[in-house]
Each structure stands twice: as C-alpha cells, then as structure tokens.
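Shown next, in structure tokens, is the structure this report addresses.
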Amino acid sequence: DELKPKLDAAREVVLKDDMQQYASGDIPEDKQPLDAAFFDMPERILDEYQSDRENSELGRILKTAARLRDMVDKVVVLGIGGSYMGARALMESCCHPYYNELPREERGGRPRIYFEGNNVDNDWSQSLLQFLEMDSKGDGPEGSWAIVVISKSGGTLETAAAFRQFKAALKEKVGDRLPEYIVPVTGESGKLASLSDAIGITDRYLVPDGVGGRFSILSAVGLLPAAIMGIDVVTLLEAAAAMNTHFRSAPVGENVVLDYVGVNHLLEVEQSVLTRVMSVWSKSLESVGLWYDQLLAESLGKNERGALPLTVVNSRDLHSRAQQHQEGARDKVMNNVIVDSWRQDALAIGQSENNEDQLNELADKTLPEVMSAAIRGTNLAYAEDKRPTTNINLPAVNEAAVGQLFQMLMLATVVEGRLIDINPYGQPGVEGYKKYMNKLLREA
Ligand code: PA5
C-alpha cells in the first residue's frame, strides 16, 4: 500500500513530465539524456501507415522486405547492443526455430538471416564470409546476399569494422550494383550516414531522434529485419500500442507494468534481492531474455545501483542453475515467463514395447504437460523454501504476445528508473572500455 502512490507518481512522470519535456526540448540538466520518444512510437508508426500505406515508413519497410525477398537468398544483419538484440529476439520468438534451414518455399521465399558486427570474433566473421562465398555460386536470388547495417551513432567500432569487411566481399560479388544490396538504418548524421551517401544508397531508414538503442526494437531497427523474415509487424505494433493503453489506465494491482516493477522493487529494497532471474519456459524466448538483460543492465545499472539481470531457459537450466536458485544465497527473484499454448500439436512421450526406460506409465503425457508440471513443481519447490517467484503468462509465443511483452518491459524499466531516481536513458559507463580500446589500438 505504501508503494502504490509512488508507483502512480512514477507513471505520471513517464506519461506527463518526460513526454512534455522531451517534446518541448526543455529538459532539466539532471534528466539528460531523455529518450522518451519510444513510448508512443508504435501508435505513431501505425497511424502514419494507415494514412499512407505506400510512402509511410512502415509501407517502405514492407517494400524493402519484398524487394530483398525477390533479390537475395541471405541477409547479413550487422549491429550490436540495441542495434542487434531486438532483431535476434524477434527472429527467435516469431520465426520457425529452424527458419534458416527451411527450404526457400517454406520460408515464403524469404532470405535466410545471419547476424554479425555484434562482436570482433575473428573466427565467426571469417566463417560467415567464407560461407557466403561458398554458397554464392551462380546468379539470381539463390546465390545472392545483402547487408542490413544498423548503427544509430554510425561510429560503433564492432559494426563499422564488420560493415567494411562485408561490404568489400559484397562488392566483389555485385560490383556496381552494390547500393541496391545494402540497407542502412542509422541516425540523421554520422559516419554511416555519410558513407551511405558516398556509396549512393537510396533505400535507407532513420533511427529516430529520442529513441535510445535498447528502446528501438519497435522502430526500423527491429521492424526492418522483422519484415524481411516475414514477421507480422503490424500485429507486433498493435500489441505494443495495446500495452501502452493498459499501462496508462489500469490501476496498481491490475497493471502488469506497475505490478512487475512494484514486486521487484520491494524485494530489492526490503530484502536485498538484487538478482533478477528472467526464467523463460520456452527455447523461443531465450533471446527475448537476453534483450531484456541489456535493457535492464544498461538502463538501471548506474550510480552503484541496479539489479543484476540473468536469463535462464527452462526446463534446460533446471539442470544447471536451479540448484543455486533453490538453495543458494537469498538474493534472487525468479520472474517466470510462461507459455500457455504452443504452435505445434502436442507431442506425446509414446508407448514402447519393452519399456526398458520405464516411461510407459507416462506414455500418454505430452511435452506441454511435462512442461506444465515442471513449471508448477519448480514454483512449489521455491515457495516451500520461501524463494520469491512471479509469473508472466503469454497466451502463445507470437507477434501479439511478444509485442506486448517488449513494450511492457521497456515501460517497466523507465518507471523503475523514475521510482529510484536513476535516469534510465544513456549508458555513460559503456564509454569506459571504448576510450581504452581505441587508445590501445592506436598505440600498438
Ligand atoms: O542501448 C544502446 O544505446 C546501446 O546498446 C547501443 O544500441 C549500442 O551501443 C550500439 O550503438 P549504435 O547503434 O550507435 O551502433
């Protein structure tokens, strides 16, 4: 009860002060940067699309996706951090688990997707370049590939270096047609914008002002790769907009954003529960968890504060981390993300004639039933030992559910920031390593 007015007040700051200050440009010193534009971005993109299906940003994104579908067999998406995690989370949650391995017609003729520029790992970069070369014999879409390069600043070394390398390889293959095979997503100005001008690329997208990297999944940063993979981007945006409506109007106690913040915040301040385990009960959600790891860590890990995010995938990690979660230090909350229905028909364990593995008594049980027992059993075991858990139930893993989940978690992160007086935007700490890395590279 004590927390309720504070949560309401934090919501008001996000909905009123932040939005007004951002819109007017009159941002108090201690609130800078204030990247509040992510909040109503889904509504803005959808409205624009409804009024001009051809030339709106979303209309153009869909056209680019269709163009690449007809042109190439593979797209290499270059980006790191907020310019990478969202696209990967969308792919793993909304596409077939073996999307890249499916025959072309099963992918709706859409290109396979590969991610790079998210590290400086020599062997992975070389191997992808070799694979592209190996697999790119012949003309036409079957042998072709394209680049989507995403960097808001345009100056991030990992992505910039990869772009230079992959661009050189692509030029070898397509020669003067290079500009048709590259789609940049970047800020208005910056090195990548200038480079795109110099190459003569016309099909390009903006990372909007006031949208920070880790809050950009529902801008062109996430939507363009998603559209290329055939994800239903309209449903994704509608779901995020529905979460905004819910966040604005539902009272504490019935508001999934405020309740999630409230429970996690109380555990942190009253019981020093500093590790937030996002326990996802589907393999398709692992990258959603990793996307959230970045969101929470970069947004609230400041001023010597901020909970430690940790993604676990169950039931897999019941066989690795669960011992510690059950009996280790009492510094964790398990935030379960539970899937209520699966895309595929339920697979039963099945009868075996000789029953050597003695599973026949469970023969009629299906994998969803086993999963459900694992979830309930794990929660009961944690409850018995007074280990806190929360449940977020997704009706299914699809665009409608993850669109809501992404927006919910972004909203929760900024509300918590306002609640504990930490600016959720900006990531000044990330500059530390860059300063030394660049110095060392130039000295060597
Ligand atoms: O959340 C953020 O702002 C960061 O994680 C960035 O997305 C990341 O550093 C990549 O930056 P850029 O898009 O400028 O290459």
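The values are calculated or read from the model by the stated rules, or taken from the named source; none is laboratory data. Quick caveat: nothing in here was measured; it's all calculated off a predicted structure. Here Cβ is always computed from backbone atoms with ideal geometry, including for glycine, and neighbour counts include all displayed protein chains.
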All positions within segment 412-444 that are away from the ligand (no atom under 11 Å from the Cβ), more than 25 Å from ASN119 (Cβ to Cβ) and surrounded by 12 or more Cβ atoms within 10 Å (Cβ to Cβ): ALA412, VAL414, VAL415, GLU416, GLY417, ARG418, LEU419, ILE420, ILE422, ASN423
Filter segment 6-36 down to the residues that are touching a Gly at 6+ places or on another chain (Cβ under 6 Å) and over 20 Å from PRO428 (Cβ atoms) and list them by number. LEU7
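Mind listing whichever residues of segment 149-169 are out of contact with any helix residue (DSSP H, G or I) (no Cβ under 6 Å at 6 or more places or on another chain), under 15 Å from VAL76 (Cβ atoms) and of a type outside the set (Lys, Arg)? Steps first, please.
Keep residues of segment 149-169 that are out of contact with any helix residue (DSSP H, G or I) (no Cβ under 6 Å at 6 or more places or on another chain), which gives 153, 156-168.
Still in the list and also under 15 Å from VAL76 (Cβ atoms): 158-168.
Once the filter is applied, which keeps residues that are out of contact with any helix residue (DSSP H, G or I) (no Cβ under 6 Å at 6 or more places or on another chain), under 15 Å from VAL76 (Cβ atoms) and of a type outside the set (Lys, Arg), segment 149-169 yields GLU158, THR159, ALA160, ALA161, ALA162, PHE163, GLN165, PHE166, ALA168.
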Just give me the residues in segment 77-103 being in contact with a helix residue (DSSP H, G or I) (Cβ under 8 Å, 6 or more places away or on another chain), in contact (Cβ under 8 Å) with a residue 12 or more places away in the chain and more than 16 Å from the ligand (Cβ to nearest atom), in sequence order. MET91, GLU92, SER93, CYS94, PRO97, TYR99
In the set ALA241, ALA227, which member is closer than 23 Å to TYR425 by Cβ and not charged (D, E, K, R)? ALA241
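Based on this model, can you work out whether PRO184 counts as closer than 27 Å to LEU206 by Cα, within 25 Å of the chain's Cα centre (by Cα) and within 16 Å of the ligand (Cβ to nearest atom)? Give the derivation first.
On the way: closer than 27 Å to LEU206 by Cα: yes; within 25 Å of the chain's Cα centre (by Cα): yes; within 16 Å of the ligand (Cβ to nearest atom): yes.
Taking the combined requirement at face value, the residue satisfies it.
Filter segment 398-411 down to residues that are over 21 Å from ARG276 (Cα atoms) and assigned to a helix (DSSP H, G or I) and give me whichever is nearest to the ligand (Cβ to nearest atom).
If we filter segment 398-411 for residues that are over 21 Å from ARG276 (Cα atoms), which is where we start, we get 398-401, 403.
With assigned to a helix (DSSP H, G or I) added as a condition, the list becomes 399-401, 403.
Numbers: GLU399: 23, ALA400: 25, ALA401: 23, GLY403: 20 Å.
Only one residue tops the list, namely GLY403.
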Go through segment 328-370 and give me each residue that's under 23 Å from TYR292 (Cα atoms), of a type outside the set (D, E, K, R) and surrounded by 16 or more Cβ atoms within 10 Å (Cβ to Cβ). VAL333, MET334, ASN335, ASN336, VAL337, ILE338, VAL339, TRP342
Pairs, first farther than 14 Å from MET410 by Cα in segment 211-237, second away from the ligand (no atom under 16 Å from the Cβ) and among the aromatic types (Phe, Trp, Tyr), C-beta under 8 Å, six or more apart: MET229/TYR99; VAL234/TYR49
Take segment 48-73 and flag every residue that is of a type in the set (Gly, Ala, Ser) and not in a loop (DSSP other than H, G, I, E, B). SER51, GLY59, ALA65, ALA66
For ARG276, are the conditions met, namely being part of a strand (DSSP E or B), more than 16 Å from the ligand (Cβ to nearest atom) and at pLDDT 95 or above? yes
Within segment 104-116, work out how many residues are away from the ligand (no atom under 16 Å from the Cβ), farther than 19 Å from LEU236 by Cβ and part of a strand (DSSP E or B). 2
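Return yes when GLU180 is assigned to a helix (DSSP H, G or I) and loosely packed, with under 14 Cβ neighbours inside 10 Å and no when it is not.
No; evaluated as a whole, the condition is false for this residue.
If you take the residues of segment 144-168 that are polar (S, T, N, Q) and touching a strand residue (DSSP E or B) at 6+ places or on another chain (Cβ under 6 Å), which of them is farthest from the ligand (Cβ to nearest atom)? If you could, list the steps in order and put the result at the bottom.
Keep residues of segment 144-168 that are polar (S, T, N, Q), which gives 144, 151, 153, 156, 159, 165.
Among the residues that remain, those that are also touching a strand residue (DSSP E or B) at 6+ places or on another chain (Cβ under 6 Å) are: 151, 159.
Values: SER151: 3, THR159: 5 Å.
Looking at the filtered set, the residue picked out is THR159.
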Which listed residue, of LYS191, LYS171, is without any contact (Cβ under 8 Å) to a residue 40 or more places away in the chain, within 15 Å of the ligand (Cβ to nearest atom) and surrounded by fewer than 20 Cβ atoms within 10 Å (Cβ to Cβ): LYS191
Residue hits (segment 301-351; in a strand (DSSP E or B) and over 26 Å from GLN404 (Cβ atoms)) are ALA348
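Can you pull out every residue in segment 204-241 that is within 16 Å of the ligand (Cβ to nearest atom), in a loop (DSSP other than H, G, I, E, B) and under 20 Å from ILE113 (Cβ atoms)? Give the steps one after another, and end with the answer.
As a first pass, look at segment 204-241 and keep what is within 16 Å of the ligand (Cβ to nearest atom): 204-225.
Then keep just the ones that are in a loop (DSSP other than H, G, I, E, B); that gives 204, 207-212, 216-219.
Across segment 204-241, the qualifying residues are ARG204, VAL207, SER216, ILE217, LEU218, SER219.
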I need every pair where a residue in segment 151-164 that is assigned to a loop (DSSP other than H, G, I, E, B) has its Cβ under 8 Å from the Cβ of a residue that is of a type outside the set (Gly, Ala, Ser) and near the ligand (Cβ under 6 Å from one of its atoms), sequence separation at least 6 or different chains. THR156/ILE80
